[in-house]
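Visitor: Below is the structure I would like to discuss, written out as structure tokens.
The values are calculated or read from the model by the stated rules, or taken from the named source; none is laboratory data. These figures come from a predicted structure and were not determined experimentally. With ideal geometry, Cβ positions are generated from the backbone for all residues, glycine too; neighbour counts draw on all protein chains shown. The protein model used for the area step is the full one, side chains on, heavy atoms only, and it has no ligands, DNA or RNA in it. Shrake-Rupley method; radii C 1.70, N 1.55, O 1.52, S 1.80 Å.
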Amino acid sequence: MRLLAEGLSARRGEDLIFNDISFALGAGEALVVTGPNGSGKSTLLRVLAGLLMAEKGRLKLENGPPEIRHPSELSHYLGHRNAMKRELTVAENLSFWKNFMGDSPGGSGRNLVEAVEAVGLRGIAHLPFGYLSAGQQRRMAMAKLIVAYRPIWILDEPTAALDAGADKLFAGLVNAHLDTGGIVIAATHQPLGLERARQLQMTGFVGIDGGLWHDA
Amino acid sequence: MRLLAEGLSARRGEDLIFNDISFALGAGEALVVTGPNGSGKSTLLRVLAGLLMAEKGRLKLENGPPEIRHPSELSHYLGHRNAMKRELTVAENLSFWKNFMGDSPGGSGRNLVEAVEAVGLRGIAHLPFGYLSAGQQRRMAMAKLIVAYRPIWILDEPTAALDAGADKLFAGLVNAHLDTGGIVIAATHQPLGLERARQLQMTGFVGIDGGLWHDA
Amino acid sequence: MIALFLRDLKLSIRAGGGAMIGVLFFMTVVAVIPFGVGPDLNLLARIGPAILWIGALLASLLGLDRLFQAEREDGSLDLMLMQETPLLVTVFVKCAAHWAATGLPLVIAAPLLGLFMNMDALAIGATMLTLLVGTPAITFIGAVGAAVAVSLPRGGLLVSILVLPLAIPVLIFGVSAVYAAIEDPAPFLPPLMILAAITLFFAVIGPVAAAAALRHASD
Amino acid sequence: MIALFLRDLKLSIRAGGGAMIGVLFFMTVVAVIPFGVGPDLNLLARIGPAILWIGALLASLLGLDRLFQAEREDGSLDLMLMQETPLLVTVFVKCAAHWAATGLPLVIAAPLLGLFMNMDALAIGATMLTLLVGTPAITFIGAVGAAVAVSLPRGGLLVSILVLPLAIPVLIFGVSAVYAAIEDPAPFLPPLMILAAITLFFAVIGPVAAAAALRHASD
Amino acid sequence: MMSHAAYVFASYGIATLTVAGLCLWVIADGRARQRELRELEASGVRRRSAEASTGEAR
Amino acid sequence: MSENSLAIRKFSDLANPTRFLALADRVLPWLAALTALFFVVGLWLSFTTEGDYQQGETVRIMYVHVPAAWLSMMCYSVMALAALGTLVWRHPLADVSSRAAAPIGACFTFLALVTGSLWGKPMWGAWWVWDARLTSVFVLFLMYLGLMALNRAMDDPARSSRVSAVLVLVGFVNIPIIKFSVEWWNTLHQPASVLRLDGPTIDPEFLRPLVVMAIAFTLLFFTLHIAAMRNEIWRRRVTSLRRLAARSAGREM
Ligand code: HEM
Ligand SMILES: Nc1ncnc2c1ncn2[C@@H]1O[C@H](COP(=O)(O)OP(=O)(O)OP(=O)(O)O)[C@@H](O)[C@H]1O
Ligand SMILES: Nc1ncnc2c1ncn2[C@@H]1O[C@H](COP(=O)(O)OP(=O)(O)OP(=O)(O)O)[C@@H](O)[C@H]1O
Ligand SMILES: [Mg+2]
Ligand SMILES: [Mg+2]
């Protein structure tokens, strides 16, 4: 499987945030997106996840399952928000996502106990999600990545709020995913401890293509 | 001015999170709280900010203004959330907090323009807060610290979501505050670049004093 | 999909209680009308079905605005948008869960309130039936409004405003079906059929439109 | 404090704001009623005051739940709790701003809607007066509910169960004061006085209770 | 009972007020927007023609 | 296909915002002057023609009421057209036009409602009855306000334009209902006597001021609409400049 981005550009509101970004990621490859605040890292990831329309350019999957309309259907997206309900317990949250998302072809998700253990939080799955500390919440959101199998992971500042130990644990998770032929794309300010990662440096502020409402 | 904590302990739900924490911070001193996820850093800071009741122990201010009932009235608290409204412009947000909080005795807040400049975001104070990227939002939340004067700053992972440049800028802000005799308490996973800081390492899960519903 | 249905039910029972407040409001509305019209039992019986319908309409609007907003705020909506299952189906299931949590209790509470309004058994039965057939339509219409307002910070009332005019046909046919049932000459079935048709129509159109709006709202 | 008042006003005017939308909702509700009960002018005039009151109650309830929740979600509530100014005052000011943004417009729009309901000048005046006196009470009661809702980690049905029953007396005295004004024999002043007393009572109790709930809520 | 002329004058009066208000609002709105544009230009925000800086993969 | 897109490019070229602004600057003064002229003549006519034998002086309300009512419907039709433009051709000015029209339409509808009520009190003895036409006009008013609220609430036009365009189109059902309600249901309100297929049935004595006032109102609408569109374009310029500022901020260090 190969994920291809060709000449992507995207707008926020009416302004171009980045222009003509291309890359190709094969199975087992990772891409780390870096850049200063406001340079468009999150915007790029949302485009890759199919949550924002690209202004130009294409996103393709080669050698993927045939019936896929958009690579996002094979992707996990971990944004700034954790997509968990504070009122439900961790177990309820995770098993909901496991059932709702199902597995992509080519792999299968781990069960809840294993997943919670994998993020190092055994024994607190019965607590309401709202009771956890910021870092614990983030870790549980990561457990979501492995309860349902998706070959592509799109992670926006995954390690914000994580302590040093969890950092390592996270690198382990990602490396394990890469080993099984997964693809990882992560935006970050901190080193993620991935050896095999390629870098994409966003410089931001592509500026101005004339803008819709101005003289060309 | 001296901030004294004597034998603090706190509960979350029914479990004791930490026990018997004491420290004393004089003017111009900083305390950096570290520890793994879920070890109680945020809990400690919320106790210091008067947002959680301590289970035992006391928090005192020596040589402070006389009419203060709780040190929290002399404190800034910067939590995980930025306390700004997405719909209002940055300037409206900041000037609201400036007016609403007022200055503590012994100092005065900077004006908006200066504050926005201090966090390196000159010229965008007229934008709605929601337009900013995650890191820009965090920086603006820091500007809040200097528009209204408070001698004590309580900061919970202040540099999450900040890029490297902003990290340095933040260290500058904190050092300037310490130079004028302020007190800073910060929880963090990343080095903050403060030279004069003392460390408090939380180990987490003091455990089991029986809990409320068990035999002691 | 069953997982989603169950989760939404659980959430509405557990937190903030969409379920109860609807019924409570319904009762309040119905309880207040007699103060307005006075204790004239005949009059009450006459306007009873209309009042019940209006009360149900208003009650099902409460909380509708948070249908997608809550999902958006914690990021769940993003994940739902990304799945292979058509968004349409997700929206439909969420509507169904919302109806089960707020609409169904209204239907069940209706007979009780019918007694307060001095309606006879036939009228109560007819009202209950029309409510059962008609309230899902309101939920489906409301879903469109909720989807449109999803990115608005305080979209609450706006949803109701966008929704109410569209809900007028439901109200008209619901009420007229009940009156047709009470007053003998007029046939009961045609308006009920129309009501059912409206519901089916919106059960298709609503999720489609809501899904389209959600797609465009994501940023 | 004025800063807070102004900010809340600004927020409600600016984005998806309660102010204009509340009135719109009020108007929409009233416009929908005749579709239910039929265009009988006499009947409409008779139930008019009750309808206006119900509409106002609903309009001021919708969106009230977010009064503190929005503050809590973005962390502002923490800062408000820490200030020297008593929380009580903060809550009171927030309620006042909420009322000014949503309650007051309702009162102002009431006469217009009264005309639509074919109410006579006296009834309209009385309704307006009672709304002016009574709607603040709804806001203050709602504030308690909103505060409690913030405090419970799992939300909780309590809010709904708390707010509506407390609001019912307001509704009842409001409506009955209007009818007392219209129908000569019954005296107008006593129910109005009771209404005013309820409002004053809740203006004190509401913020106190809400502030207490908020203090305990913080975690 | 109002005389009929009163109704006529009331309607013309309200019509005048509404139309005048609308016109004034449009004019004031335009002025405000132009002022904002001028302020923005004055503070140095201006559209430059595209600079081709983007991210690049390595 | 390629020809089609070429044509559209030409079309959008013609109506590009900058071009539009230049055009508006040139046209607006003339339009405004013409409007004023027609209003002077219209008002003079409507106060000098004699009253009706049945309705007396109140017939003069017609010269405001009827044009306002027509305009309220026309304005919505303009918005519906613009909504089509947004959805089908994705033309940016279409959304501007539809947004700018909403407050103007709301004002005209308000006028139709108020003058109608002021006419209804002496004629029917009630300010308001719930007949089909009156109700549907009231719904139109609510729709204008709802759209305005929606537009205000969504500050990002790129996202809100299509949503509100759909809503506008859905609401368009209301217009035929208003127009034909007097014929479909028997109501208190006057049936059409001017805009009908078999020619006006109204006395020329009343027709003359009515027509002049109608033209005056129409001109007023276009003047205001163009001015409001210009404002809207400026507003968008301001917004996009502000976003630009956001993006470039903090970058120099
Ligand atoms: C609030 C109440 C009223 C509303 C909302 C209203 C609305 C309208 C509308 C929308 C039209 C345009 C219809 C069309 O072009 O086919 C119209 C036309 C007209 N209205 Fe009214 N109306 C109201 C009250 C009245 C009253 C009280 C009278 C007089 C007794 C009246 C007399 C007329 C006449 C004469 C026309 C012109 C019909 C024609 O010649 O085509 N209206 N009104
Ligand atoms: N919802 C939005 N509407 C309009 N503009 C936005 C929106 N979100 C972000 N922007 C703008 O787009 C630009 C890029 O934002 P983005 O969030 O992609 O940056 P980022 O690289 O993720 O920054 P950070 O490191 O701070 O998270 C920013 O300048 C921001 O002002
Ligand atoms: N609202 C709450 N109710 C009950 N328990 C809570 C609540 N918030 C946190 N806890 C528990 O208290 C413990 C300490 O949490 P705290 O947020 O203080 O950790 P932290 O050191 O800040 O961690 P992090 O680095 O992840 O932010 C955690 O084990 C958590 O489960
Ligand atoms: Mg980001
Ligand atoms: Mg923490």
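Visitor: I'm checking my understanding of the structure. Among residues of segment A:17-40 that are within 8 Å of another protein chain (Cβ to nearest Cβ) and of a type in the set (A, V, I, L, M, F, W, C), which one is farthest from F:PRO157 (Cα to Cα)?
Guide: A:LEU31
Visitor: Tell me which residues, restricted to segment F:82-105, are surrounded by fewer than 19 Cβ atoms within 10 Å (Cβ to Cβ) and either part of a helix (DSSP H, G or I) or modelled with pLDDT of 95 or more (or both).
Guide: Answer for segment F:82-105, where residues must be surrounded by fewer than 19 Cβ atoms within 10 Å (Cβ to Cβ) and either part of a helix (DSSP H, G or I) or modelled with pLDDT of 95 or more (or both): F:LEU84, F:LEU87, F:VAL88, F:TRP89.
Visitor: With the checklist (1) in contact (Cβ under 8 Å) with a residue 40 or more places away in the chain; (2) part of a helix (DSSP H, G or I) in hand, flag the one item D:ASN118 doesn't pass.
Guide: For D:ASN118, the exception is condition (2).
Visitor: Another question about this same structure. Are there any pairs with C-beta distances below 9 angstrom linking a residue in segment B:187-204 that is assigned to a loop (DSSP other than H, G, I, E, B) to a residue that is open to solvent by 90 Å² or more (accessible area, probe 1.4 Å) and modelled with pLDDT of 80 or more, with the two at least 6 apart or on different chains, and if so which?
Guide: Final answer for the pair search is B:GLY193/B:LYS168.
Visitor: With (1) surrounded by 21 or more Cβ atoms within 10 Å (Cβ to Cβ); (2) touching an Asp or Glu at 6+ places or on another chain (Cβ under 7 Å) as the list, and B:HIS80 as the residue in question, which single condition is left unmet?
Guide: All conditions are met except number (1).
Visitor: Any residue in segment B:101-110 that is open to solvent by 40 Å² or more (accessible area, probe 1.4 Å), touching a helix residue (DSSP H, G or I) at 6+ places or on another chain (Cβ under 6 Å) and either more than 9 Å from every other protein chain (Cβ to nearest Cβ) or among the charged types (D, E, K, R) (or both)?
Guide: Within segment B:101-110 (the criterion being open to solvent by 40 Å² or more (accessible area, probe 1.4 Å), touching a helix residue (DSSP H, G or I) at 6+ places or on another chain (Cβ under 6 Å) and either more than 9 Å from every other protein chain (Cβ to nearest Cβ) or among the charged types (D, E, K, R) (or both)), the answer is yes, since at least one residue qualifies.
Visitor: Go through segment C:187-208 residue by residue and tally those that are outside any helix (DSSP H, G or I) and open to solvent by 60 Å² or more (accessible area, probe 1.4 Å).
Guide: Summing the residues that are outside any helix (DSSP H, G or I) and open to solvent by 60 Å² or more (accessible area, probe 1.4 Å) in segment C:187-208 gives 1.
Visitor: Considering segment B:122-136 alone, what residues qualify as being more than 9 Å from chain A (Cβ to nearest Cβ) and either of a type in the set (A, V, I, L, M, F, W, C) or closer than 15 Å to F:ARG243 by Cβ (or both)?
Guide: Hits for segment B:122-136 are B:GLY123, B:ILE124, B:ALA125, B:HIS126, B:LEU127, B:PRO128, B:PHE129, B:GLY130.
Visitor: Got a number for residues in segment F:148-164 being among the hydroxyl-bearing types (Ser, Thr, Tyr) and more than 13 Å from chain D (Cβ to nearest Cβ)?
Guide: Qualifying residue count, segment F:148-164: 2.
Visitor: Among the residues of segment D:61-103, how many are within 14 Å of chain B (Cβ to nearest Cβ) and under 30 Å from F:TRP128 (Cα atoms)?
Guide: The qualifying residues number 1.
Each row is one residue, and each column tells you yes or no for (1) open to solvent by 20 Å² or more (accessible area, probe 1.4 Å); (2) outside any strand (DSSP E or B).
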position: B:ALA5; (1), (2): no, no
position: B:ARG11; (1), (2): yes, no
position: B:ILE17; (1), (2): yes, no
position: B:SER22; (1), (2): yes, no
position: B:LEU25; (1), (2): no, no
position: B:LEU31; (1), (2): no, no
position: B:PRO36; (1), (2): yes, yes
position: B:THR43; (1), (2): no, yes
position: B:MET53; (1), (2): yes, yes
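Visitor: Please go through segment D:28-56 and pick out each residue that is touching a residue at least 60 places away in the same chain (Cβ under 8 Å), open to solvent by less than 20 Å² (accessible area, probe 1.4 Å) and more than 9 Å from chain C (Cβ to nearest Cβ).
Guide: If the condition is that a residue be touching a residue at least 60 places away in the same chain (Cβ under 8 Å), open to solvent by less than 20 Å² (accessible area, probe 1.4 Å) and more than 9 Å from chain C (Cβ to nearest Cβ), then D:VAL30, D:LEU44, D:LEU52, D:ALA56 are the ones that fit.
Visitor: Take segment B:56-87 and flag every residue that is free of Cβ contacts under 8 Å to residues at least 12 places away in the same chain and either within 22 Å of D:GLU71 (Cβ to Cβ) or in contact with a Cys (Cβ under 9 Å, 6 or more places away or on another chain) (or both).
Guide: B:ARG81 - this is the single residue of segment B:56-87 that is free of Cβ contacts under 8 Å to residues at least 12 places away in the same chain and either within 22 Å of D:GLU71 (Cβ to Cβ) or in contact with a Cys (Cβ under 9 Å, 6 or more places away or on another chain) (or both).
Visitor: Let me spell it out: the conditions are (1) β-branched (Val, Ile, Thr); (2) within 16 Å of ligand 4 (Cβ to nearest atom); (3) assigned to a loop (DSSP other than H, G, I, E, B), and A:ILE68 meets all of them except one. Which number is the exception?
Guide: So the condition that A:ILE68 fails would be (2).
Visitor: Among the residues in segment B:139-147, are any open to solvent by 10 Å² or more (accessible area, probe 1.4 Å), at pLDDT 90 or above, more than 8 Å from every other protein chain (Cβ to nearest Cβ) and away from ligand 2 (no atom under 16 Å from the Cβ)?
Guide: Checked segment B:139-147: at least one residue is open to solvent by 10 Å² or more (accessible area, probe 1.4 Å), at pLDDT 90 or above, more than 8 Å from every other protein chain (Cβ to nearest Cβ) and away from ligand 2 (no atom under 16 Å from the Cβ).
Visitor: Please determine whether any residue of segment B:2-23 is without any contact (Cβ under 8 Å) to a residue 60 or more places away in the chain and β-branched (Val, Ile, Thr).
Guide: no
Visitor: Taking A:VAL47 and the conditions (1) within 25 Å of A:ALA143 (Cβ to Cβ); (2) part of a helix (DSSP H, G or I); (3) open to solvent by less than 40 Å² (accessible area, probe 1.4 Å), which numbered condition does it fall short on, given that it satisfies the others?
Guide: The one condition A:VAL47 does not meet is (1).
Visitor: Here is a list: C:LEU132, C:LEU115, C:LEU106. Which entry is over 26 Å from D:LEU62 (Cα atoms) and either at pLDDT 90 or above or more than 14 Å from chain D (Cβ to nearest Cβ) (or both)?
Guide: Going through C:LEU132, C:LEU115, C:LEU106 in turn, the sole match is C:LEU115.
Visitor: Only one of (1) more than 16 Å from ligand 2 (Cβ to nearest atom); (2) more than 7 Å from every other protein chain (Cβ to nearest Cβ) is not met by A:SER75, so which one is it?
Guide: (2)
Visitor: Ok, one more. What number goes with the only condition from (1) of a type in the set (A, V, I, L, M); (2) assigned to a loop (DSSP other than H, G, I, E, B); (3) surrounded by 18 or more Cβ atoms within 10 Å (Cβ to Cβ) that F:ALA149 does not pass?
Guide: Here F:ALA149 clears every test but (2).
Visitor: Hey, any hits in segment B:154-162 for a residue that's of a type outside the set (S, T, N, Q) and open to solvent by 40 Å² or more (accessible area, probe 1.4 Å)?
Guide: no
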